[in-house]
Structure formats: C-alpha cells, structure tokens
1. Hey, any idea what the orientation-averaged projected area of the convex hull of region 1-149's Cα atoms comes to, in nm²?
2. How do C133, C122, C25 line up, fewest other C-beta atoms within 10 Å first?
3. Can you give the % of DSSP beta bridges in the chain that are antiparallel, to the nearest 5?
4. Give me the lysines in straight-line cross-link reach of K267: C-alpha distance below 23 Å, same-chain residues under 8 apart excluded.
5. Under the 0.36 nm per residue contour assumption, what length would be gained going from the current alpha-carbon distance of E73 and Q161 to full extension?
6. Report D for region 153-281 in µm² per second (integer): Stokes-Einstein, Kirkwood Rh on Cα pairs, 10 °C, 1.306 mPa s.
7. Express the relative contact order of the chain as a whole percentage, based on alpha carbon pairs under 8 Å and six or more residues apart in sequence.
8. Rank H65, A189, V146 by how far each Cα sits towards the positive end of the charge dipole of the chain (+1 on Lys, Arg Cβ; -1 on Asp, Glu Cβ) and give me just the farthest.
Amino acid sequence: MLPVMNDTPFRIEQAESGVAHLQLCRPERLNTFDPAFFPALRDAVGELNAAGRTRALVISSSGRHFSAGMALEVFASGLAMLDTSTARARLAFQDSLRQLMRCFDVLEEARFPVIAAVQGGCIGGALDLAAACDIRVCAADAFFTVQEIHIGMAADLGVLQRLPKIVPAGVAREMAYTGDRLDAGRALAVGLVNAVLPDATALLAHALALAERIAAKSPLAVAGSKQALQYAADHSTAEALQQMTLLQSAIFDIDEMRTAIAAWQDKRAASFAPLQAVPPA
C-alpha cells in the first residue's frame, strides 16, 4: 500500500457554472509528488467525474513552479515498489507502476476536458500529468523538461507515449533524450501549449475563462467530443468514423440541440442539465 500523506497536496473548488479548479498547494516543496499524491489525484478526479456536475477542470499550482515532479527522496526511501531484485519483485513492480500510470489516465478518461495552467517549471512527473490533460496553457516564465533522463531513468508515467501525439516526434525525442528545457515560446511554437500569458495571475484568469467557455456548452456534446478525439488519437480514421456512428447514436439529443440553437440565436447563455451521476460500483 502507498503511504498516506499527513497534509493535503491540493485544494479543489467547484463553481456553480460547473468549472472545477484543482490547485497544487505545496509551494514550499515545489509542489513535488510523493507516492500518496497519485491516488489522491485519481480519487479526486474520479469523484468529480462520478458526480456529473463538473463540465471543465483547471489544474494549476501555487508558488513559483507548477511542479518539480516526483520528489527525489522517494527514490532513496526504500519503497517496496521500487524493488527489482528478483523475478517476483519485478512482477510486482510492473503492477505497482501500472497503478501509478492509471492515476494520470483518469484525466484522459474523465467526461470533462482538463486544462493545465503551468507557471515556472513543469518538470519530470509534472509533464506526465500535463501531457494527460486536454489543453495546456502557460505563463511566460514556464518551461517543460523530461527530467527523468538526468537521473538515469526513462520517464515512465505516460509522457513518452503522449508527447509524440502533441508535438512533432523529433521534438519529443529531443526532450526525452537530452532533458533540455523547452521554454514557453518554443512550447507555443511546437503546439505543446495553446497560449502564453505574461504572468501567473493572467494565466489562471485565462485558464478559468477558457474553462467557463467550455462549461457553457452542452456537457453531453463536450463529453462526446472528448471521447471521439481520444479514440481517434489511437485508431485509424476508418475505425474512428465507425466509433463515431455508435457514439453519436448514443448521445444524439434533439432537445439538447433545440436548447443550444435557441440560446445561440438569441445570443444568450443556454441552461443545460448536468451529466448523470455515475453510481458507485
């Protein structure tokens, strides 16, 4: 079992509009992750998803840096999951690692879009997290780095798998092999981020405003769009189009469309019902 933290690694606020804001809140530790951070994030996002009220999620941080990734002391802590000394230990290692991976998978699997708002360093495991989000925006002082290569390991929580689908393959490989920093300007140029804002205050305002624009749309249509985009990323066009026929037949709602069309024509905000809550298993 992973140890339980004595303090909270993040705080969550939920607006009436359906926008949720998860803010990393350990700036004195550069918002680094310890093992208990992962299930805490997984469970928090899972609860937001199950409740059905969240229409967009912003992940930001407090302090100078978004996050310095996994705390280095974790690797020297003697955690049982890091043992690879025997065949049985290596088999257990694989299962433990997959459990950690799933803690970022929930960002992709959530029914709502997730926006990462990055200031300062997005380092190591933090880039794994950001890569699992739908959209990334950053402050002018932001930089992104695959830090793991500097400490003699391959990044293993999803960045090597997701980054080549976000930026050109050569850029992803250069980052993975060198650990060089990608600054905000180049991150925008290669498509890692959608916008660069002058400072952390403007960054958060931009991210929340973007989330509000998403939350104003039909949550059913947004959830369907996310599911289609996620599927298309790993399948051929023909397969994705076939999936779209099934998906659209499941989510097509003429009443929802009437509501959206009337609001659009009248230039007013529409009122949509939240997604249905998912009962616990």
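What follows draws every value from the coordinates through simple rules; no lab data is involved. Source: prediction; values computed, not measured. Quick reminder, even Gly has a Cβ in these numbers, built from the backbone with ideal geometry, and neighbours come from all protein chains shown.
1. With every direction weighted equally, the projected area is 9.3 nm².
2. Listing C133, C122, C25 from fewest to most nearby Cβ atoms yields C25, C133, C122.
3. Values: 7 of 27 bridges.
The antiparallel proportion sits near 25 percent.
4. Once the sequence-local lysines are set aside, what remains near K267 is K217.
5. Details: separation 88, 0.36 × 88 = 31.68 nm, distance 2.56 nm.
Extending this stretch completely gives an extra 29.1 nm.
6. 87 µm²/s
7. 18 percent.
8. The residue sitting farthest along the positive end of the dipole is A189.
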